[in-house]
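**Student:** Below you'll find the structure I mean.
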Amino acid sequence: MTRTAIYPGSFDPVTNGHLDIIRRGAKITDHLLVAVAKDAGKSPMFSIDERVELLSREIDHIKSQGEVTAKIEVVSFSGLLIDFAKSSNAAMIIRGLRAVTDFEYEFQMTGMNRRMNAEIETVFLMASEKNQFIASSMVKEIAKLDGDISGFVPQLIADALTEKCK
Ligand code: PNS
């Protein structure tokens, strides 16, 4: 039986923290769907197509390193995550957890999703030590203010951010 997991997010844009969760999430499942939300309730810097494209290129890079055996796919979705998870036959939703500040939001979201569908479990992976503080929102702010973002995102993403902030 193939075990499918969904790793959802806004990915606006993908960071080193997300990529770490993708690498590790791919080790605990057979099929990882990295799902980019169209309806994340924020006005994104990158369009849905741009976010999918940037993620796909980074995932191709991970695959080329031969580190993961699971099938990893990037998809976009609209509507409720839990409905998308069910229609994708996913057994679990993977979320990354950084500092304590993430907990309340994640706790609430997990509870709401569980109420809507108790069959789909949410599984948390703790962010690695060096990625504990990386947030797309802050990376964007640093990029806008001409700061150095090279420690937070891969070069491809840093270049895309620089281009957006011109
Ligand atoms: O990367 P983010 O912004 O923390 O991801 C949040 C995301 C996309 C997982 C969340 O906003 C979401 O699930 N959006 C889809 C709409 C939905 O299902 N909302 C109800 C959540 S209880």
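The values are calculated or read from the model by the stated rules, or taken from the named source; none is laboratory data. Computed from a predicted structure; not experimentally measured. Reconstructed Cβ throughout: ideal geometry from the backbone, glycine too, with neighbour counts over all protein chains shown.
**Student:** What number of residues in the range 36-53 are away from the ligand (no atom under 12 Å from the Cβ) and within 12 Å of the chain's Cα centre (by Cα)?
**Tutor:** The number of residues fulfilling the criteria is 1.
**Student:** Here is a follow-up. Give the range 1-35 a look and list any residue that's away from the ligand (no atom under 16 Å from the Cβ), out of contact with any Leu (no Cβ under 7 Å at 6 or more places or on another chain) and closer than 11 Å to I72 by Cα, or say none.
**Tutor:** Within the range 1-35, the subset away from the ligand (no atom under 16 Å from the Cβ) is 1-4, 23-24, 26-31.
Okay, now just the ones that are also out of contact with any Leu (no Cβ under 7 Å at 6 or more places or on another chain), so 1-3, 23, 27-31.
Listed by number, the residues that qualify are R23, K27, T29, D30, H31.
**Student:** Among the residues of the range 131-158, which ones are assigned to a helix (DSSP H, G or I) and either surrounded by fewer than 12 Cβ atoms within 10 Å (Cβ to Cβ) or touching an Asp or Glu at 6+ places or on another chain (Cβ under 6 Å) (or both)?
**Tutor:** If the condition is that a residue be assigned to a helix (DSSP H, G or I) and either surrounded by fewer than 12 Cβ atoms within 10 Å (Cβ to Cβ) or touching an Asp or Glu at 6+ places or on another chain (Cβ under 6 Å) (or both), then N131, S136, S137, Q155 are the ones that fit.
**Student:** Any idea which residue in the range 97-129 is nearest to the ligand (Cβ to nearest atom), counting only those that are assigned to a strand (DSSP E or B) and not polar (S, T, N, Q)? Steps first, answer last, please.
**Tutor:** Filtering the range 97-129 for residues assigned to a strand (DSSP E or B) gives 97, 121-126.
Those still in the list that are not polar (S, T, N, Q) too: 97, 121, 123-126.
Details: L97: 11, E121: 15, V123: 14, F124: 13, L125: 14, M126: 16 Å.
Checked the range 97-129; the qualifying residue nearest to the ligand (Cβ to nearest atom) is L97.
**Student:** Among the residues of the range 52-78, what is the count of those that are modelled with pLDDT of 95 or more and part of a loop (DSSP other than H, G, I, E, B)?
**Tutor:** Selection size over the range 52-78: 1.
**Student:** Can you tell me which residue is farthest from the chain's Cα centre (by Cα) among those in the range 116-145 that are modelled with pLDDT of 95 or more and among the acidic types (D, E)?
**Tutor:** So the residue we want is E119.
**Student:** Restricting the search to the range 84-96, which residues are within 11 Å of the ligand (Cβ to nearest atom) and closer than 18 Å to R23 by Cα? Before the answer, list the steps.
**Tutor:** Restricting attention to the range 84-96, the residues satisfying the condition of being within 11 Å of the ligand (Cβ to nearest atom) are 84-85, 93-96.
Passing the criteria: I93, I94, R95, G96.
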